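These notes are about the structure you will find just below.
The values are calculated or read from the model by the stated rules, or taken from the named source; none is laboratory data. These numbers come from a predicted model, not from an experiment. No Cβ is skipped: glycine too gets one built from the backbone with ideal geometry, and neighbour counts run over all protein chains shown. All accessible areas refer to the heavy atoms of the entire protein, side chains included, with ligands and DNA or RNA removed. Shrake-Rupley method; radii C 1.70, N 1.55, O 1.52, S 1.80 Å.
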Amino acid sequence: MHIEKNVFENIFNTVIDVKGKTKDNINARLYIVLFCNRKNMELVFDGSRVAKPKASLMLEKHVQLLV
């Protein structure tokens, strides 16, 4: 039961993008460069800052309901 709870919480926190609880960190993005071919998820270096673009699997905060 605890394993299922932990897996659910990790996936949920990553999709919802909970700050401090997500598994989508800078180290994970560096591994994407090595092992995956996803240019839209790679880190963006601009001067002294490193920007992490929002992953396509994350939900948007502003959701419009279809009426």
- request: Considering only Leu57, Leu34, Leu43, give the residue with the highest GNM mean-square fluctuation for the chain, with springs between Cα atoms whenever their separation is below 10 Å.
  value: Leu34
query: Mind checking the angle between helix 2-16 and the chain's longest principal axis? C-alpha axes, 0 to 90 degrees, to the nearest 10.
result: 60 degrees
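Which order do Ser56, Ser48 take when ranked by solvent-accessible area (1.4 Å probe, heavy atoms of all protein chains), largest first?
Numbers: Ser56 95, Ser48 120 Å².
Per-residue accessible area, sorted high to low, gives Ser48, Ser56.
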- request: Per residue of the range 54-59, in order, report the coupling 6.51 cos²θ - 1.76 cosθ + 1.60 (Karplus, θ = phi - 60°) as ³J(HN,Hα) in whole Hz, putting x for Gly and Pro.
  value: 5, 6, 6, 7, 7, 7
query: Counting each DSSP H run of 4 or more residues in the chain as -39500 (n - 2.57), what helix-only mean residue ellipticity at 222 nm follows after dividing by all residues, to the nearest 500 deg cm²/dmol?
result: -11500 deg cm²/dmol
query: Put a dot 7 Å past each Cα toward the Cβ at Lys39 and Ile11; how far apart are the dots in nm?
result: 3.1 nm
task: Specify which labelled value, from (i) 5.2; (ii) 7.1; (iii) 5.5, agrees with mean projected area of the Cα convex hull in nm² derived from the coordinates of the model shown.
output: (ii)
task: Using only Cα atoms, tell me the angle between helix 26-35 and the longest principal axis of the chain; keep it within 0 to 90° and round to the nearest 10.
output: 70 degrees
query: In the chain, how many lysine pairs have Cα atoms under 16 Å apart, counting only pairs 8 or more places apart or on different chains?
result: 11
